[in-house]
1. Between G58, G30, which is in contact with a Ser or Thr (Cβ under 6 Å, 6 or more places away or on another chain), surrounded by fewer than 17 Cβ atoms within 10 Å (Cβ to Cβ) and at pLDDT 95 or above?
2. Collect the residues in the stretch 61-78 that are crowded, with 17+ Cβ neighbours inside 10 Å and either basic (K, R) or touching a strand residue (DSSP E or B) at 6+ places or on another chain (Cβ under 7 Å) (or both), keeping them in residue-number order.
3. Among the residues of the stretch 78-104, what is the count of those that are farther than 14 Å from Y5 by Cα and free of Cβ contacts under 8 Å to residues at least 24 places away in the same chain?
4. Anything in the stretch 14-37 that is more than 13 Å from the chain's Cα centre (by Cα) and under 16 Å from K88 (Cα atoms)? List them, or say none.
Amino acid sequence: MMKYYHEKTLKNVSFEEAIEKVTEALKEEGFGVLTEIDVQATLKKKLDEDFRPYRILGACNPSYAHKALMAEDKIGVMLPCNVIVQQKQEAVEVAAVDPMASMQAIENKDLEKIAEEIQSKLKSVIDVL
């Protein structure tokens, strides 16, 4: 089975520092963070459950999003590209979606090329952390 994410474990950084590093690395690859979901705060508020620090960043590269929407009008259901940052004991794990995994269900050659390019950019984001 194809792995649906790329991940890296960061040691000796705080959770908030990891968020900053990821946001900066995304910016370097042309992505902005459109949404930020604080899973820990949401679960506390809605369910009164204590959960580890866990944030979902919705990253978007506008030119690639535009190309993808031109190639496939329903592709918006898979946008933006999610990147998670979560506390794991003494380390912080960062994982980015692998768009090639989610694109496998869509038979569109134009989209495949775009997904490959986005995959490469998101992998670079994880690799530089």
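The values are calculated or read from the model by the stated rules, or taken from the named source; none is laboratory data. Note that the structure is a prediction, hence the values are computed from the model and not measured. For neighbour counting, all protein chains shown are included, and Cβ atoms are generated from backbone atoms with ideal geometry for every residue, glycine included.
1. Details: G30 fails: in contact with a Ser or Thr (Cβ under 6 Å, 6 or more places away or on another chain).
Exactly one residue qualifies, and that residue is G58.
2. The answer is K67, and nothing else.
3. Qualifying residue count, the stretch 78-104: 2.
4. Within the stretch 14-37, S14, F15, E16, E17, A18 meet the criteria.
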